[in-house]
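In what follows, a structure is listed as structure tokens, so that the remarks can point back to it.
Laboratory data are not the source of any read-out in this text; all were calculated from the coordinates shown. Owing to the predicted nature of the structure, the values given are computational and were not obtained by experimental measurement. When we count neighbours, we look across all protein chains shown, and the Cβ atoms used for this are built from the backbone with ideal geometry, even at glycine.
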Amino acid sequence: MLQNGPSSSASGTRTPAVAMLRLLGGFQISQALYVVARAGVADHLADGPRPVPEAAEAAGVRTDLLRRLVRSLATEQVFDFDADRDTVGLGPLGHTLRSDSGDSLRDVALMWMDTHYRPFAGLWSTLHDGVPAAERELGKPFFDWIAEEPDRVAGFSAAMSDLMTTLRQDALDSLDLSGVRHLVDIGGADGTALADLARRHEHLHGTVFDLPHVVEGADPVLHKAGVADRIGTQGGSFFESVPDGADAYLACFILHDWNDEQCATILDRIHRAADPGARLYLVETVLGEGTAPEVATLLDLTMMGMLDGRERVREDWRTLLSGAGFRLDRVVETTGPMCVIEATRTDD
Ligand SMILES: C[S@@+](CC[C@H](N)C(=O)[O-])C[C@H]1O[C@@H](n2cnc3c(N)ncnc32)[C@H](O)[C@@H]1O
């Protein structure tokens, strides 16, 4: 018999206590997803269902325990588990844990559980003193901690690249780059976004700007995309300065990491670098707008635990921008959870 979870029973029939218990157990589900992602179980099922012992051997884990994990995650739509045949296949969500699917979140599963999971145990303290839980757990601000180990940098950039494809691609697709000759991607990580944009806009030149140890990872991405002749890289901190003279700036998933004062500094650095009339595109969530409000509120929790940032409503964005010499022109909703906030640098 195929065991595949709550979709078969009407969730409306659940008592509030049962629904709450599932929410409370979320930390166990997260860890179960992590271990199957880390063991590459979904990759080993890419060609179809297999006997559980065979899948366990391929993944290098214990058969009896994998069977129990698979059964638990079948109720979450991750696997199809046939108890009679003792086989496991991918359920409706399973391919997102494959490393090579177009909407893979495998690197997010690894990064969140390796870096975000433990800090969240300290959310209680954050609620009282406002210090991000990660800063207390890691002993320093999150991005400083990431910078200490190349493996952390690579893992974080890989997760960002996953999220780029799954959450932000629609926003990048809807960027109006008509007339833009040179685009600077502020906090552009390993260049995934700018490589994609340059591939699709043949006229576009650009610069990936990020911390020196991060932007190092962009060269292979730009070469692989065949755009290294048009897109360069520059290392630095956006709290100091950003590349000047471009006619457009992109800050994708950046300002939500920072508090209002820090955002004002970053926007000021862009204002100083940009000529009057230059365009600024922010790819961010706008609380209360967009197609997946649950993603915006989830990210707001992430910001609370990990950084001093937050998600914002439209008026927050307008205030931040106008305070730094930018006019908010429009907010473009996309088919995904992110919006494109378009602004123009005003005259001094
Ligand atoms: C949430 S990630 C977003 C990356 C990318 N824009 C995306 O959408 O996937 C934030 C980025 O900001 C970069 N960053 C953090 N502090 C920075 C600083 N002071 N100067 C420049 N970049 C910084 C990080 O290295 C990281 O790549």
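Miscellaneous remarks
- Cα Rg over Rh - the chain, Kirkwood: 1.00
- Between the Cα long axis of helix 63-74 and the first principal axis of the chain there is an angle of about 60°, rounded to the nearest 10.
- DSSP assigns beta bridges within segment 166-345; of those with both partners inside it, close to 40 percent run antiparallel.
- The slack between A264 and H223, meaning 0.36 nm per residue of separation minus the straight C-alpha distance, is 11.4 nm.
- Per residue, the convex hull spanned by the Cα atoms of segment 170-309 amounts to 116 cubic angstrom.
- Which of M303, A225, V35, positive extreme of dipole for the chain (C-beta unit charges): V35
- Of the GluC sites (Glu not before Pro) found in segment 270-315, the ones in coil according to DSSP and having at most 15 other Cβ atoms within 10 Å of their Cβ are E289.
- Spatial extent of segment 2-97: Rg and Dmax, with the Cα atoms as the point set, Å: 13.4, 40
- Under 17 Å from the F143 label point (7 Å along Cα→beta-carbon), backbone N, segment 200-215: 208-215
- Here is how the number arises for the chain: DSSP H runs of 4 or more residues each give -39500 (n - 2.57), the sum is divided by the residue count, and the result at 222 nm is -12000 deg cm²/dmol.
- Label point distance in nm, E294-A154, each placed 7 Å from Cα along Cα→Cβ: 3.4
- Chain lengthening between L123 and D176 when straightened (0.36 nm per residue, less Cα-Cα): 15.1 nm
- Between R85 and R38, the FRET efficiency from the beta-carbon distance, with R0 = 35 Å, is close to 0.85.
- Only Lys, Arg (+1) and Asp, Glu (-1) charged, at Cβ; segment 166-345 dipole about Cα centre in debye: 400
- Spin-label model, D244 to R14: label points 7 Å out along the Cα-to-beta-carbon direction sit 5.7 nm apart.
- Just checking the listed ones, M111, M20, M164: in the Gaussian network model of the chain with Cα springs under 10 Å, the one fluctuating most is M20.
- With Cα atoms, 0 to 90° folded angle of helix 314-323 axis to the chain main axis: 30
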